[in-house]
Amino acid sequence: MGTPDFAVPCLQTLIDNNHQVVGVITQPDRAKGRGNKLTPPPVKAPDVIVVVAFGQILSQAILDIPPKGCINVHGSLLPKYRGAGPIQWSIINGDKTTGVTTMFMDKGVDTGDMILKREFDIDIKDTYETLHNKMSLVGAEVLIETLALIEQGKAPRTPQNHEEHTNAPMLDKNTGKVDWTKSAVEIYNLIRGTYPWPGAYSTYMEKKFKIFSSEIYQENTKNAESGKIIEIGKDYILVSCGMGFIKIMELQFENEKRMGVEAYLRGHNLESGSKLM
């Protein structure tokens, strides 16, 4: 925390010595000089504000502070997946690729002019957790490149095509409810995209359970009865979907521990032919 000129070298020294400055608190602008002009204190002088997963819309007053703009690192290839859940929805929707976009922020939600993009593949086994971790590293690389371009005055400004935008709203607990009439691929993607939160879930004999991992057993078989337990193997539960079959590999019933199916079956019985809801 600091305000006057005296505080600036201390702040600069912290930065120069690789301390992680996560925020600065300073006093508000004060009237100064003969004209009583409202003047920002020396500490309050950012060239750029970097915003990453902040979770709050910035007011125009904040956006106007840095002369070189507020820069956002967003976890999608804009204008696709604007909103709070771009990484999760890219998996849930079965996308094969995703990426990171840096942009100059404006008063809209992820609507600002784009600076740089970096595209990469989504692995078929990626979950929200693993893809998030990969993307955070890529995002840091793209941010450094972006700041270098801004410093050189060479940062491009590419307007988004707003007609092509899609939304990626924040997930809630209901997002993870499995609809067994959907295809095995869609259910598999839901399980991956909601891991570790909010988690995919279903019910067996009116008992709710979460599904942490699964495998697609077959994709293209049309089933008359979806959600039916077809087979209980040593380490899996085979369930019919609207199209295809899926193997549940790891689960957690309410008030019990998370465990693989093999461990669960040692102390519990499941009935073939039962239906998951």
Practice item. Among the residues of segment 114-129, count how many are outside any strand (DSSP E or B) and crowded, with 16+ Cβ neighbours inside 10 Å. Key: 4
Exercise for review: Read through the list (1) in contact (Cβ under 8 Å) with a residue 60 or more places away in the chain; (2) polar (S, T, N, Q); (3) over 16 Å from Ile91 (Cβ atoms), then give the number of the only condition that Gln152 fails.
Suggested key: (1)
Point to revise | Meets criteria (basic (Lys, Arg) and surrounded by 12 or more Cβ atoms within 10 Å (Cβ to Cβ)) for Arg157 | key: no
Check your understanding: Any residue in segment 236-250 that is free of Cβ contacts under 8 Å to residues at least 12 places away in the same chain, among the hydrophobic types (A, V, I, L, M, F, W, C) and farther than 19 Å from Asp123 by Cα?
Key -> no
Point to revise | Selection within segment 218-235 - without any contact (Cβ under 8 Å) to a residue 40 or more places away in the chain and either touching a His at 6+ places or on another chain (Cβ under 9 Å) or of a type in the set (Lys, Arg) (or both) | key: Lys222, Lys234
Point to revise | In segment 174-199, the residues that are surrounded by 14 or more Cβ atoms within 10 Å (Cβ to Cβ) and within 17 Å of the chain's Cα centre (by Cα) | key: Thr175, Gly176, Asn189, Leu190, Ile191, Arg192, Gly193, Thr194, Tyr195, Pro198, Gly199
**Study point:** Flag for Lys154 being among the charged types (D, E, K, R) and modelled with pLDDT under 95
**Key:** no
Practice item. Return the total of residues in segment 233-254 being polar (S, T, N, Q) and under 14 Å from Tyr201 (Cα atoms). Key: 1
Practice item. Can you work out which of the residues in segment 200-255 that are surrounded by fewer than 18 Cβ atoms within 10 Å (Cβ to Cβ) and on the phi > 0 side of the Ramachandran plot is nearest to the chain's Cα centre (by Cα)? Key: Asn255
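The values are calculated or read from the model by the stated rules, or taken from the named source; none is laboratory data. Everything numeric in this text was worked out from a predicted model, so none of it was measured. Here the Cβ is made from the backbone with ideal geometry for all residues, glycine too, and neighbour counts use every protein chain on show.
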